[in-house]
Amino acid sequence: MMLSPERLALPDYEYLAQRHVLTYMEDAVCQLLENKEDVSQYGIARFFTEYFNSVCQGTHILFREFSFIQATPHNRASFLRAFWRCFRTVGKNGDLLTMKEYHCLLQLLCPDFPLELTQKAARIVLMDDAMDCLMSFSDFLLAFQIQFYYSEFLESVAAIYQDLLSGKNPNTVIVPTSSSGQHRQRPNLGEVSILEGVEASLFYQRLESLCDRHKYSCPPPALVKEVLSNVQRLTFYGFLVALSKHRGISQALGALPDKADLMHDPAMDEELDRLLAQIPDLVSASPEASCLPSRTPHRAAFSWRPLHHARKVDAESDGSTEETDESEI
């Protein structure tokens with residue numbers, strides 16, 4: 001495997017920091033210590049091989065704590081992709097869900113996922129509507145992508161927006177807090193009157209320097225400029241709506257396909273068909289089984305013993321739950 005030009009252009013320590021290698025090494029060692037009895041049966045080399053394979057495949061974030069899921073850009077992109085692949089049947093079936101229902105789905109993959117992030121994503125979709133209104137899967141997913149992946153950047157953007165609204169000195173240092181203005185004015189970008197929001201050109205001037213400081217956690221500055229060049233004035237939530245709908249920003253992030261392809265995942269469909277073929281009793285008992293969340297993510301996630309035992313149980317079990325329970329302890 002050849003090294004990329006980007007890798008060759010950076011000193012070793014900068015490349016390792018940029019790719020968060022130390023984060024993964026620390027996590028791998030922690031999991032090694034937690035599973036040392038199992039690891040002793042297979043060897044440390046195999047343990048690290050499977051751990052870093054799971055990192056490369058993006059399955060390492062499944063069922064992990066929120067602090068780990070948000071620790072690196074790769075983890076965030078992997079979580080977005082996992083959420084889409086696990087629950088895209090919601091969109092395929094045309095189901096509309098509330099914010100709380102989407103939060104329950106997020107908690108199936110990350111039990112301690114914070115409600116506040118789900119609420120912020122829902123507000124991008126719902127604007128001034130009540131938070132218990134129904135949302136399509138694609139609308140929520142694209143808004144959630146922006147809010148989750150760029151959360152720190154958006155906190156700073158909210159603080160800048162509030163400063164501009166209040167007429168504060170543009171040289172004021174921005175220190176975003178959890179009580180930032182992200183829950184205030186929320187009219188649609190296309191409905192902003194001449195007196196609402198802030199001037200787009202001034203807003204971009206402030207964001208341009210912010211993007212320079214957030215090299216790995218903000219949308220590409222050229223695309224931000226493109227969004228802001230289409231209007232004279234805009235509100236904070238109008239800006240977020242524009243970001244969530246911008247095809248180029250989603251492509252630059254690289255976690256999800258285009259909106260038109262969100263309901264299509266041939267590789268996952270083939271995998272689901274293969275797994276369902278191994279459990280015909282479940283299929284015959286429940287015609288809607290293919291619409292239920294699959295156990296596939298658990299098998300793909302990095303967890304030492306299930307990697308070696310769970311598939312054998314599914315293929316060879318005679319219906320008894322004793323072997324299944326024992327293999328998953």
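Accessible area per residue for segment 223-264, computed on protein heavy atoms with a 1.4 Å probe, is 45 Å². The calculated pair-distance distribution of segment 9-125 uses every alpha carbon pair, bins of 10 angstrom beginning at 0, and gives 12, 36, 30, 17, 6 percent.
Averaged over its residues, segment 9-125 has an accessible area of 49 Å² per residue, based on protein heavy atoms and a 1.4 Å probe.
Here the Karplus relation 6.51 cos²θ - 1.76 cosθ + 1.60, evaluated at θ = phi - 60°, turns the backbone of segment 235-251 into coupling constants of 9, 4, 6, x, 5, 5, 4, 4, 4, 5, 9, 7, 4, x, 5, 5, 5 Hz, with x for every Gly and Pro. For segment 55-96, the average shadow cast by the Cα convex hull is 3.3 nm², which is a quarter of the hull's surface.
Taking all protein chains in place and a 1.4 Å probe, what share, in percent, of the accessible surface of segment 9-125 do carbon and sulfur account for? After summing per-atom areas, the C and S share lands at 57 percent. Each Lys or Arg adds one and each Asp or Glu subtracts one; over the other residues with Cβ under 12 Å from the Cβ of Asp27, this totals -2.
The values are calculated or read from the model by the stated rules, or taken from the named source; none is laboratory data. The structure presented is a predicted model; accordingly, all values stated were derived computationally and were not measured. Cβ sites come from the backbone with ideal geometry, for glycine too, and all protein chains shown count toward neighbours. Calculation scope for accessible area: heavy atoms of the full protein, side chains included, ligands and nucleic acids excluded. Shrake-Rupley method; radii C 1.70, N 1.55, O 1.52, S 1.80 Å.
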